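Input: a single structure, listed below in structure tokens.
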Amino acid sequence: MTESSILESAIETIESGYEFLLAYAAQGRPAGVESGPGPHAQPTIQGMATAMQSLIDAFDESSDPFEKVIADDCAKARAALNFILKQNKIGSEMVDNLNASIHLRAVLTDLFLYSEVLKPSTAADLATPSAVQTYDAAN
């Protein structure tokens, strides 16, 4: 796996995990031990924590200041994820509070921006000179 594909996979895991957690929180599940038929939040939270560790490791030696910010934000959000994973009972309210965490939201915002850089330019993008589009509020 290339470094780029590792980054893309980690980003996808975190972004899709957050979407799952939003839906999970909306279900109004009472706090309880996760067992039986799912879906359960714990595997998703574990996957997100692992993906964040991958990003931390990938950016550990980076000299890019923004990649350092991403690694730092991932470390903070990962601490919150691991805190949830240590709990015996997970419910919608706990997951909703996790979703609202500024640390998790910072990671998501960082990754939305960073993933734009990872997207390859198309041949049409390269052939067309960049033009800034403006909006005239008066019209």
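The values are calculated or read from the model by the stated rules, or taken from the named source; none is laboratory data. As the structure is a computational prediction, the values presented were derived from the model and not from experiment. All Cβ positions, even for glycine, are placed from backbone atoms using ideal geometry, and neighbour counts span all protein chains on display.
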TODO: Answer with yes or no whether SER92 is in contact (Cβ under 8 Å) with a residue 60 or more places away in the chain and either within 19 Å of ALA23 (Cα to Cα) or surrounded by 19 or more Cβ atoms within 10 Å (Cβ to Cβ) (or both).
DONE: yes
Task: In segment 67-107, the residues that are among the β-branched types (Val, Ile, Thr) and in a helix (DSSP H, G or I) - done: VAL69, ILE70, ILE84, VAL95, ILE102, VAL107
Task: Enumeration of residues in segment 37-92 that are of a type in the set (Gly, Ala, Ser), in contact with a Phe, Trp or Tyr (Cβ under 9 Å, 6 or more places away or on another chain) and modelled with pLDDT of 95 or more - done: ALA71
TODO: Return the residue satisfying two criteria in turn: it lies in segment 1-34 and is surrounded by fewer than 15 Cβ atoms within 10 Å (Cβ to Cβ) and assigned to a loop (DSSP other than H, G, I, E, B), and of such residues it is modelled with the highest pLDDT.
DONE: GLN27
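Just to be sure, is ALA51 surrounded by 18 or more Cβ atoms within 10 Å (Cβ to Cβ), in contact with a Cys (Cβ under 9 Å, 6 or more places away or on another chain) and among the small types (Gly, Ala, Ser)?
For ALA51, the condition - surrounded by 18 or more Cβ atoms within 10 Å (Cβ to Cβ), in contact with a Cys (Cβ under 9 Å, 6 or more places away or on another chain) and among the small types (Gly, Ala, Ser) - is met.
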